[in-house]
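To keep things clear, I will list the structure first and then write my remarks on it.
The values are calculated or read from the model by the stated rules, or taken from the named source; none is laboratory data. Nothing here was measured: the structure is a model prediction, and the numbers come from that model. Reconstructed Cβ throughout: ideal geometry from the backbone, glycine too, with neighbour counts over all protein chains shown.
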Amino acid sequence: MKYFVTLPSGTEHVVEIVEAAGGVLSVTVDGQPVEADAVGLPRNARSGRGATSIKIGPRVIELWLEGTAPALGVIADGQRFFATVESERMRVQAAAKPSAGGEGTVRSPMPGRVVRVLVKEGDEVEAGAPVVVVEAMKMENELVAERAGTVKRVVTSAGATVEGGAVLVEIS
């Protein structure tokens, strides 16, 4: 599973974790493989929270969830801070939700394959209306218009492979 971890400084890191047979972890951070192992720790009687200890190379980092998700508490090198964590799935779901006012472009939230284009140039669409279906991570994701308007341009077609952030449909 791929995660996007944003530190208090605003720096974002892409962390991909794959669990192989026997619980062996394969971890990459920003595309670079790192040696890592995780151990669940018992619930802390003082704080009432469970934690996980992650060993990355020679460093041991304690992680725990606290507050409203996706807040991740971190203790590393004696420093305590909170990071935000989003999975790829969370980003796809957030991108599919219409927002008030909305933007005039529908973008692919991640790399994938266009399964269906549900509109054509000149079509009138309402805010929240599905316009494109993209398959990513073995899931079909229905992408919607963030605002009402007229389809100005359809940039993609069924079967096309698209990158994350690629413009698929423009609405004016």
Could you count how many residues in the stretch 119-132 are over 24 Å from the mean Cα position of the chain (by Cα), closer than 24 Å to Thr161 by Cβ and hydrophobic (A, V, I, L, M, F, W, C)? 1
Out of Glu163, Glu135, I need the residue that is without any contact (Cβ under 8 Å) to a residue 24 or more places away in the chain, surrounded by fewer than 19 Cβ atoms within 10 Å (Cβ to Cβ) and under 21 Å from the mean Cα position of the chain (by Cα). Which one? Glu135
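So that you can scan it fast, the table gives a plain yes or no per residue for (1) of a type in the set (D, E, K, R); (2) within 27 Å of Ala136 (Cα to Cα); (3) at pLDDT 70 or above:
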site: Ser9; (1), (2), (3): no, no, yes
site: Glu16; (1), (2), (3): yes, yes, yes
site: Arg43; (1), (2), (3): yes, no, no
site: Pro58; (1), (2), (3): no, no, yes
site: Ala76; (1), (2), (3): no, no, yes
Positions within the stretch 45-56 being at pLDDT 60 or above and not aliphatic (A, V, I, L, M), in sequence order: Thr52, Ser53, Lys55
